[in-house]
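Have a look at the structure below before the remarks.
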């Protein structure tokens, strides 16, 4: 059965979600726009992470990923906090971040899998504190921008826990093994503009409001000027890549051979020559190139 997409994501969230808000860009648009803004929304709990939030994120990301009208997604937090980490009042081991296992027979939705496999560009606007799962849930995203004074911490060891949500895969690739080990071992809470976080945070901004604005600017630019298929292919090749130079070159050649005859190359060249914005016709459902590496997560 074909997926039914909502006519308004704002209304969809109001009617179906309790821990998330969705808005179009501009927010006043009554219909779906290419950029959607997803807001973590537990205002009385600093957007602390719960099992319900995990399940709603999985469902929402799966829907947005399938919707051909959506070209980019911005994720931020309500108020002055991005996400304060796991809700301690609800206990641990209940969030389904890795799918399966861990207490009870109720089926869990795999958050780390949903985040790692989304094909649309995802930009995190870290507008305030992001600790524990609050920061690790952003690691699979395409880009992260942050308020310069936002507190960032991989605090798991301080709670007797270890890294989760696929962060042992992402973190050392972003900051190097030495810094990743430091962050995980100490559980240090750092400001977003700390040099040790440079591999995670692409840009820092002076205010929370400027952070969200900048994330939306990036999302709009990507949605208007970048081939969705080529952008996804680049990300997967970098993230999942091969172990040697020769295997990487082989992968690149196979992917490029498909894209050279693809719809988007012709449109991209014509748009450049005609000095206009491109209107890329290729879709993720039908035009992914051959040779893309399989996900390692």
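None of the figures in this text is laboratory data; all of them are computed from the coordinates on show. Every value quoted in this text rests on a predicted model; they were computed, and no experiment measured them. Positions of Cβ are backbone-derived with ideal geometry, glycine not excepted, and every protein chain shown enters the neighbour counts.
Against the chain, whose longest principal axis comes from its Cα atoms, helix 263-273 is set at around 80 degrees.
The simple Förster model, with R0 at 51 Å and r as the Cβ-Cβ distance, assigns residue 4 and residue 169 a FRET efficiency of 0.95. Taking the longest Cα principal axis of the chain as reference, the axis of helix 208-225 is set at about 20 degrees. For the chain, the relative contact order is 15 percent, taking Cα pairs closer than 8 Å that sit 6 or more residues apart in sequence and dividing their mean separation by the residue count. Among the listed options (i) 35, 21, 16; (ii) 52, 26, 12; (iii) 30, 23, 20, the one matching semi-axes √(5λ) of the Cα gyration tensor in Å as calculated from these coordinates is (iii).
In a fully extended conformation the segment linking residue 28 and residue 275 would gain 85.9 nm over its present Cα-Cα distance, using 0.36 nm per residue. Counted residue by residue at 0.36 nm each, then reduced by the alpha carbon distance between them, the extension gain from residue 284 to residue 45 reaches 82.3 nm. Taking each DSSP H run with n ≥ 4 as -39500 (n - 2.57) and averaging over every residue of the chain yields -11500 deg cm²/dmol at 222 nm. In whole Å, how far is the Cα centre of the range 184-230 from that of the range 136-171? Cα centroid to Cα centroid, the span is 13 Å.
Each of 37, 255, 269, 175 was scored by other Cβ atoms within 10 Å of its Cβ. Arranged with the fewest first, they read 269, 175, 255, 37.
Placing a label point 7 Å from the Cα of residue 267 along the Cα-to-Cβ direction, none of the residues of the range 1-29 has a backbone N under 18 Å of that point.
Full extension of the segment from residue 207 to residue 12, taken as 0.36 nm per residue of separation minus the current Cα-Cα distance, would add 67.2 nm. Taking label points 7 Å from Cα along the Cα-to-Cβ direction, residue 190 and residue 157 give a separation of 1.4 nm.
Angle of helix 177-186 to the longest C-alpha principal axis of the chain, folded into 0 to 90 degrees and rounded to 10: 30°.
Measuring r between the beta carbons of residue 67 and residue 253 and using R0 = 35 Å, the FRET efficiency lands at 0.60.
Placing pseudo-labels 7 Å out from each Cα toward the beta carbon at residue 260 and residue 198 gives an inter-label distance of 3.8 nm. Remark: relative contact order (the range 125-274) = 25 percent; criterion is Cα-Cα distance under 8 angstrom and separation of 6 or more residues.
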